[in-house]
Each structure stands twice: as structure tokens, then as C-alpha cells.
1. Quick test for you: out of B:179, B:145, pick the one residue that is within 30 Å of residue A:249 (Cβ to Cβ), more than 14 Å from chain A (Cβ to nearest Cβ) and assigned to a loop (DSSP other than H, G, I, E, B).
2. Which residue pairs have Cβ atoms under 8 Å apart, sit 6 or more places apart or on different chains, and have a first residue in segment B:186-198 that is more than 11 Å from chain A (Cβ to nearest Cβ) and a second that is among the β-branched types (Val, Ile, Thr) and assigned to a loop (DSSP other than H, G, I, E, B)?
3. Against the condition farther than 21 Å from residue B:191 by Cα, surrounded by fewer than 19 Cβ atoms within 10 Å (Cβ to Cβ), over 16 Å from the mean Cα position of the chain (by Cα) and in contact (Cβ under 8 Å) with a residue 24 or more places away in the chain, how does residue B:56 come out, does it pass?
4. Would you confirm whether any residue within segment A:203-214 is small (Gly, Ala, Ser), crowded, with 19+ Cβ neighbours inside 10 Å and within 11 Å of chain B (Cβ to nearest Cβ)?
5. Could you tell me whether residue A:247 is at pLDDT 90 or above, farther than 30 Å from residue A:90 by Cβ and not polar (S, T, N, Q)?
6. Mind counting the residues in segment A:18-57 that are at pLDDT 65 or above and not hydroxyl-bearing (Ser, Thr, Tyr)?
7. Have a look at B:114, B:104 and point out the one that is at pLDDT below 95 and closer than 30 Å to residue A:207 by Cβ.
Amino acid sequence: MRYSKDVYIKLIDFMRDFGLSTDVLLCEKDSIFTEEIKRNYSFFKIECLTELAKKTLVENQLLNCKKRYDYVYIGRMLEQSLNPIALLAACRELLTGDGWLLAIVSATHYRKQQEIRMLNIDEDEEAIAEITVFFRAAKYEDLRFNQTGECLEKNFYMKNPDTIKACDFDIKPSYWLLKAGKYNLNEKTSWLRSFFLPEVRQELAYILRRIENDIDRSYNCQQLWQLCEQYEITAEYLIPFIQNTMLKPKQVLKFLSEDVERGKS
Amino acid sequence: MKVCFITCVNDERCYAESLLYIKHLVIPANIQIEYVVIRNAASMASGYNQGMNASQAKYKIYLHQDVFLLRKNIIQEILDIFKRYPQIGMVGLAGCETLPESYCWGEALQKYGCISHALQPEYTSTSTYGKVATARFAIVDAIDGLFIATQYDIPWREDLFKGFHFYDVSQGLEFYRYGYKIAVPNQEEPWCLHACGIKELDTSYWKYQKVCIAEY
């Protein structure tokens, strides 16, 4: 396999939360990798773009896709693309609203490319900043980096003997696993969505915001407790909901606890 | 003296919530509040022209139906700017110092203002763009259309902008054509919450971007 176990495990970690109806698009030249994913995760709706002889073909194929995916994966395409912003923008178009782009980027390769372009980038932080520019230009609002570890380094040398010749030994080879979202959505809140219908969550947010903004507070507290009773919304759900939704969560929680105390007395 | 809130509405539930926030604002003495609702607007510019012509109020606030005003004193603070600086024709809550070549204010290097976005019912994020240290407000080239307060009536370019994009940038540039300026007040915390959800840009965005660039 082209990638080390380290990269593979990290990728699978990201995919672990996939729902049963998750649509996935894998753009990867290495058919061994895509077949492995398909074999192990046969319940995902996986489509692959693997027969990609020319780099431009990848981008053209992406542009022609009409479907939207929950996850789009691109393996080592970004650093080799002639127009990385266009590639990222094309991938972004394929994502659903809360979809994610997963991208493997070879840090070493990226640095070498940049050095060739006389940008003198030899520090990871600077390279990360450069990549961030691409994602920002392609209108992604969320970007997370994961640098691979020691085992990848060994694996990289073992699996890619030719690359050793091409690379300077002083440069530590490594991959980044990037995860980019169209919007800056907080992952911590995603589990909250699975409990109640959007209408109930919306009503809950409306009522809590009114309480936060001193709009008929007593009346809206009553509305809140009624809604909680009707839909069996527990404190375990309500508290993180308030923490993630409200601009002044402490103030809201304090007011609600006071309201509960008043109700007791 | 009247202040008129003008809103294009196609979601009554959302507008009812927005109205609740307006009705809980602090109303300055001697100020009457008026509401003009435009339903089935062909475009934002056309709806706002209808609203503008329907009201005699000197001060108008063009507000998206999904914007909840959190700052209780917002009316007084906007009026203070207008009364003290007659050359300021428009006030917004977020905008950019210099319009970039794309005419997308959000892509500018220096932005001002602050907006909270409710992208999901259980997730709110706040974009704090910036403020000026030496004044109460920043003078900007363009503002976001979610909240536009004016003290002069200048026609919206419904002849050019027949959709829901770039009407705001255009209106700012129209005000500049008439010799007025645009301000974004400093905000320590967001003055509004935009319950916009997640919306994809439709292709008309790019169409009207071209129209905007060609016109201005």
C-alpha cells in the first residue's frame, strides 16, 4: 500500500462516524487503497475516481460531478496540482453543507515544490500557512491538520525507495492529513443533532435566545420547561445545547437554575 | 420622528421571531416605530424600493427576516451617528474598508463589525471583524445587507440587481455616488444574530458579481 498504517488508521478514525447512508467519494490513484476501504466499509455508498492518468483529468472529472457527498477524499493530489485552489474549489462544490474534504498531503513533497518555486519554505509552520491560503481562497471555513508520526517515517522509506534517492535525507518525510469543511461547524455539537427533530431543536434555540436576551423571560422559562417535558429533553442534553448555542451561556444557565429554585419554593 | 423597519419576508415564522426582538428594543423618546413588510418581492432591490416608497420615515432600517437584533439601544446608537454626521448616509453592522477587486466585501483584508451566525439550531459562531481605536465607528466602502440603516432615500438598483445578491454592495456605492459615506459602529459584542442556517450560493451570485463590477 502506498500509505503507511499510520495514515490509514487516521483516515479510518475520521470515517468511523459515518452514518449508514453516508455518501463518500474517493479520489485516489492507488486502487489497492480504495479497494481496501470498499472491502472494509461496504455499507458506505462509496464512489471512486481511480483511473486517473492525467492530473487535469481529475479536476475535470470533479467538475463534471453532479452529486453531493458527505466526504470527499483526495489522496496526494493537492501538492501535485497545477491549480490547487481550483482543485479545492471543485471539491468544495461536491460537499454537502456539513460535508468534509479529507486530503493527504506529503509535507516533504510540498516543501520541495515550494523550494523549487523559490519561496524558501523550510519550516512546517510556514508550509501550513501556505496551504491554509489555498483552502481559504477556495472558501473553506474550517481546516484541521494532523501530522503523521514516527512509524510513517519508517514506512515511507521502506515503501518508497525511489523517493529516498530523490529527496534530501535531511528533510524529514511526513504526511499531513487535512480535514476541511465548507463552514465552520463545531464538531462537538453534531451529536446533539441526532436526538431531536430540527423543528424541536429550532424551537429550543428560539426560546433559550429569548431568555438570554431578556425577552419575556418568565413566560419563556415556562415555555422551555413545557418543551422539555413534551419531548423529554433532559439536563444532559440541555446544558451542552446552551453552552454551544448561547452567546452568554453562563448567564442563561444561572437564570434557569434560579427559575428552578423559584419553582421549588 | 419615525424609524421604519423594512423587511422582505418569505418565512413568516422566522420573521415573527425577528419582530419579537425589534419590539423589545429600547425606543428613544419622540421616536415612532413603523414596520413595512414586503411579501413576494421579485428581488431584494425591488422589495426594498417598494418598502422605501411606502414609508415617509426619515430613518429606515432594511433588515433581513432572519436577523435578531440583540443590542437593546441600537436605534439610539444609530440615530446618534446619523444626527451628528449628516454626511453618513448608511450604517451597517459589518463591512469592509476597501472593496476588493471581486467586490465581495467578505474577501477584503480589513473588515469591521461583528456578527453572530446561527448555522445550526445548536451551533452559533461569532465573526468579529474589527473596530477602530480612534472613533466610535469605521468608515467603509461596503456593508453586509443583513442590516442597512439609512437617513436618505436613494433608489435601490432593481434595474440591475434582480436577485438576492450584491444589491447591498451596489446600494453602498450608490450612496457614495451621491456623496454620502457608510459607517460600521464599533461593537464589543455582536449587535445582531443572523439565524441564516446553511445556505449554498446559487449561480446568480456570480452573475450579479459581474453586473456589480461592470456598473461600478
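The values are calculated or read from the model by the stated rules, or taken from the named source; none is laboratory data. From a predicted model like this one, the values you see are computed outputs, not experimental measurements. As a convention, Cβ positions derive from the backbone with ideal geometry for all residues, glycine included, and neighbour counts pool all protein chains shown.
1. On the way: B:179 fails: within 30 Å of residue A:249 (Cβ to Cβ).
Being within 30 Å of residue A:249 (Cβ to Cβ), more than 14 Å from chain A (Cβ to nearest Cβ) and assigned to a loop (DSSP other than H, G, I, E, B) holds for just one of B:179, B:145, which is B:145.
2. B:186/B:132
3. Working: farther than 21 Å from residue B:191 by Cα: yes; surrounded by fewer than 19 Cβ atoms within 10 Å (Cβ to Cβ): yes; over 16 Å from the mean Cα position of the chain (by Cα): yes; in contact (Cβ under 8 Å) with a residue 24 or more places away in the chain: yes.
Yes.
4. yes
5. Here the answer is yes, as residue A:247 does meet what is asked.
6. Taking segment A:18-57 first, the residues at pLDDT 65 or above are A:22-42, A:44-49.
Now narrow it down to the ones that are not hydroxyl-bearing (Ser, Thr, Tyr): A:23-30, A:32-33, A:35-40, A:44-49.
Going through segment A:18-57 one residue at a time, the tally reaches 22.
7. Details: B:104 fails: closer than 30 Å to residue A:207 by Cβ.
It is B:114.
Let's see how each residue does on (1) farther than 18 Å from residue B:165 by Cα; (2) touching a residue at least 60 places away in the same chain (Cβ under 8 Å); (3) away from every other protein chain (no Cβ under 14 Å); (4) assigned to a helix (DSSP H, G or I):
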position	(1), (2), (3), (4)
B:5	yes, no, yes, no
B:15	yes, no, no, yes
B:19	yes, no, no, yes
B:27	yes, no, yes, no
B:34	yes, no, yes, no
B:37	yes, no, yes, no
B:42	no, yes, yes, no
